[in-house]
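The values are calculated or read from the model by the stated rules, or taken from the named source; none is laboratory data. The model shown is predicted, which means the values in this text are computed figures rather than measured ones. Cβ: placed from backbone, ideal geometry, glycine included. Neighbour counts: every protein chain shown. When the accessible area is computed, the model is the full protein with side chains, heavy atoms only, and any ligands, DNA or RNA have been set aside. Shrake-Rupley method; radii C 1.70, N 1.55, O 1.52, S 1.80 Å.
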Amino acid sequence: MTTLPYDDAGKVRVTAVVPIEHSDEGAGAVRVTAVVPIKHYEERFLREAFASLFAQTSPTWRAAVVVEPGDVEHFRGVLAAELADPRIELCANEGGKLAGAINTGIRRAASDFVAILLADDAWEPHAVAVLERDIAAHPGVDFFHSARRAVDDDGRPQGGIMPARQTVEVAAFPWGSPVKHLLCFRRAKALAVGGIDETLDSVGPDDYDFPWTMADHGARFRAIAECLYVYRDHRSGYRLTTHLTRSRHTRALVRIMRKHGVGWWTTFQRVRAARREYLQQCLYRNALDQWVRERLGLGSRAIWRQRYP
């Protein structure tokens with residue numbers, strides 16, 4: 001039995017990797033494949049992400065770990081213990097950027113549903129069991145999304161549990177995605193809409209544009225009340241939210257809005273709101289600001305942390 005990687009305070013702790021003994025018999029019962037894209041990573045967070053998979057109360061999951069082609073051998077070494085479990089497959093990104101990595105995992109999955117696990121986050125121990133339960137109970141649903149909670153670099157809780165939004169309407173997306181991690185979606189439907197858009201930058205193609213696209217194509221959504229996802233709001237390692245410049249985030253947001261036919265005034269309001277909120281997390285205003293600060297040893301801008309309810 002695998003020890004759960006959570007202490008009494010809710011902090012994720014690293015445990016030894018102990019693969020769960022299982023048989024390939026009944027492999028058809030596997031409903032969920034975790035896609036784990038990895039590029040920049042902090043090793044302790046990476047270990048905790050995999051520890052959360054090994055801690056699942058249901059052992060009938062699979063995982064597709066997707067890395068850049070030139071990094072395959074590196075990660076064979078880094079993840080040697082984890083890859084000893086036959087449920088985990090390491091593969092090279094067949095596309096571009098974050099979107100391409102997730103698409104590669106979607107194509108590699110043999111299960112009907114695919115879920116995303118980012119390498120600095122974690123799943124709660126009952127995540128797979130709850131997903132399996134709801135997939136079986138609601139065969140018409142294409143996209144499940146759950147409540148989540150945030151932790152800091154050291155696993156300390158940041159606020160309480162953030163509930164999943166019960167109603168998902170296309171009209172809500174211009175003001176922010178009503179669909180948050182844990183994201184679990186029907187593989188066939190995802191492939192039918194073209195997967196994650198690889199023409200977009202690595203800012204929101206997975207948790208903003210993709211569910212929006214699925215909604216545009218009539219996907220049926222269902223909120224899961226249980227908290228299944230642990231989102232790590234960290235500053236000790238590379239993170240797309242903080243290390244990509246604010247100008248790059250802004251351009252990516254505008255691109256997504258235009259793609260979905262949102263008018264200029266609504267786009268302007270959305271960008272203005274984003275700059276007052278989550279875009280304050282960006283460590284650099286633009287590429288020039290980053291270049292100057294790095295060359296002169298000035299460090300990044302002051303760290304701003306999002307407040308969680």
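Side notes on the structure shown:
- Whole-percent carbon and sulfur share, accessible surface of region 199-291, 1.4 Å: 52 percent
- Kirkwood-Stokes translational diffusion coefficient of region 127-256, alpha-carbon pairs, 25 °C, 0.890 mPa s, µm²/s: 155 µm²/s
- Taken about its Cα centre, region 208-309 carries a charge dipole of about 300 debye when Lys and Arg each add +1 at the Cβ and Asp and Glu each add -1 at the Cβ.
- For the chain, fraction of C-alpha pairs farther apart than 32 Å, in %: 24 percent
- Residues residue 39 and residue 275, FRET efficiency given R0 of 25 Å [Cβ-Cβ distance, rounded to 0.05]: 0.45
- ³J(HN,Hα), Karplus 6.51/-1.76/1.60, whole Hz, each residue of region 79-91, x for Gly, Pro: 9, 4, 5, 5, 6, 5, 7, x, 6, 10, 10, 9, 9
- Hypothetical label at residue 306: residues of region 258-290 whose amide nitrogen lies under 13 Å (7 Å Cα-Cβ projection): 274-282
- Compared with the alpha-carbon gap, the fully stretched path from residue 152 to residue 112 is longer by 11.1 nm at 0.36 nm per residue.
- All Cα-Cα distances of region 123-202, cut into 5 Å bins from zero to the largest, leave 3, 11, 16, 23, 21, 15, 9, 2 percent in each bin in turn.
- Base-10 log of normalised Debye intensity for region 158-226 (one unit scatterer per alpha-carbon) at q = 0.13, 0.15 Å⁻¹: -0.37, -0.49
- Placed amide H near residue 231: partners under 5 Å, 5+ positions off or other chain: 149, 150, 151
- Within region 78-224: Cβ-based charge dipole about Cα centre, in debye rounded to nearest 20 (Lys, Arg +1; Asp, Glu -1): 540 debye
- Cα centroid of region 53-111 to Cα centroid of region 252-309, whole Å: 30 Å
- Karplus-derived HN-Hα couplings along region 286-291 (A = 6.51, B = -1.76, C = 1.60, θ = phi - 60°), whole Hz, x at Gly and Pro: 7, 5, 5, 4, 5, 4
- Each label was represented as a point 7 Å from its Cα along the Cα-to-Cβ direction; for residue 133 and residue 92 these points are 4.2 nm apart.
- Here each label is just a point 7 Å from Cα along the line to Cβ, and for residue 191 and residue 292 those points are 5.0 nm apart.
- The charge dipole of the chain, taken about its Cα centre with unit charges on the Cβ atoms of Lys, Arg (+1), Asp and Glu (-1) only, comes to about 1500 debye.
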